[in-house]
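These notes are about the structure you will find just below.
FYI, it's all coordinate maths here, none of it is from the lab. These figures come from a predicted structure and were not determined experimentally. Note: ideal-geometry Cβ built from the backbone for every residue, glycine included; neighbour counts use all protein chains shown.
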Amino acid sequence: MKMFAFHCGGEKTLRSVFDPFDQDCGATIHVPYFFYLIQHPDGNVLFDSGAHPALLDDPRSRLGDAADLYEIVMSPGDDVRSRLDSLGVDPEDIGHVVQSHLHYDHAGGLEFVQGATVYVQREELTFAYWPPVYQRDVYVRQDFDTVSRWKQLRGEHDIFNDGRLVIFPTPGHTPGHQSMLVRLESEAYILAGDAVYDKEKMQARCLPGLLWSPDAIIESWEKIEEMQRRYNARLIVTHDLHWQDTIKLGPQEWYE
């Protein structure tokens, strides 16, 4: 088994998204976008699918008026098709996509892997189609309307029934957010998605600004920490501000 982490652009936003009570909460930060490819003997699995390439040239076509709220920073090739192509993988070779949740920066590549089964928690799909006003701008129905092969989950799910790729719920950021345990030959990893923005903020129990439930996210942090202890697992967060120093970047590097 191998796991590849693919950087696919990002956006500029305020530090208050990570912690509204941070002493430097008004500062601008550059938040990366990532998705991950796991090559399992029984099939290729994506964890998230990145942002839609239309955000590069015409973000209003996807985000509408909300495009004025985000400063998208993407370059040609910052999309799921291009990143997979850099490894010689065809999108049609992707059999499984685990969506941590369905926000635009995580689900924009779904239309390019339409042959895959897409795993979501049932609560996430309902929330994505009928989001409340405080999260309405971060769900783009075009991203997931083309999906025909949903696998709606209620709780944990072992994709290949071998303990190597185990999806588990981590609500809080959204009601149906989920993370995934990846047990490679040499080490175990937890792909946290947006259950954790910043490891130090999680350890200090500082709540992020974009949130569905503070109680749920605290419980999810406790679950993630318990999983880390149980499997001696390293935590990988999607929006790691220090990614250039902490992440093995595909396709040149990988985890195994």
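With each label modelled as a point 7 angstrom along the Cα→C-beta vector, the Tyr129-Gln252 pair spans 4.4 nm.
Would you mind telling me the antiparallel percentage of the DSSP bridges in the chain, rounded to 5?
Bridges in the chain that DSSP calls antiparallel: roughly 65 percent.
Counting neighbouring beta carbons within 10 Å and listing from fewest to most, the residues Leu84, Leu210, Leu37 come out as Leu210, Leu37, Leu84. Hull volume per residue, based on the alpha-carbon atoms of the chain and their convex hull, is 118 Å³. Share of pairwise Cα-Cα distances greater than 21 Å in the stretch 189-256 is 26 percent (whole percent).
Each label point was placed 7 Å from the Cα along the Cα-to-Cβ direction; for Asn232 and Arg60 their separation is 5.5 nm. Which residue, Ile29, Pro76, Met227, has the largest displacement toward the positive end of the dipole of the chain when charges sit on each Cβ (Lys, Arg +1; Asp, Glu -1)? The residue sitting farthest along the positive end of the dipole is Met227. Projected label points at Glu92 and Glu219, each 7 Å from Cα along the beta carbon direction, are separated by 4.4 nanometres. Dipole size of the chain about its Cα centre, with +1 on Lys/Arg Cβ and -1 on Asp/Glu Cβ: approximately 460 debye, rounded to the nearest 20. What whole-number distance in Å separates the alpha-carbon centres of the stretch 99-135 and the stretch 161-193? Spelled out, the Cα-based centre of one part sits 16 Å from the other. Between Tyr119 and Val97, Val98, Gln99, Lys151, the built amide H atoms are under 5 Å apart, and every one of these is 5 or more places off in sequence or on another chain. Estimated at 0.36 nm per residue, the fully extended path between Leu14 and Asp42 surpasses their Cα-Cα distance by 6.0 nm. Cross-link partners for Lys199 among the lysines, with Cα-Cα distance under 18 Å and sequence neighbours closer than 8 places in the same chain left out: Lys223, Lys248.
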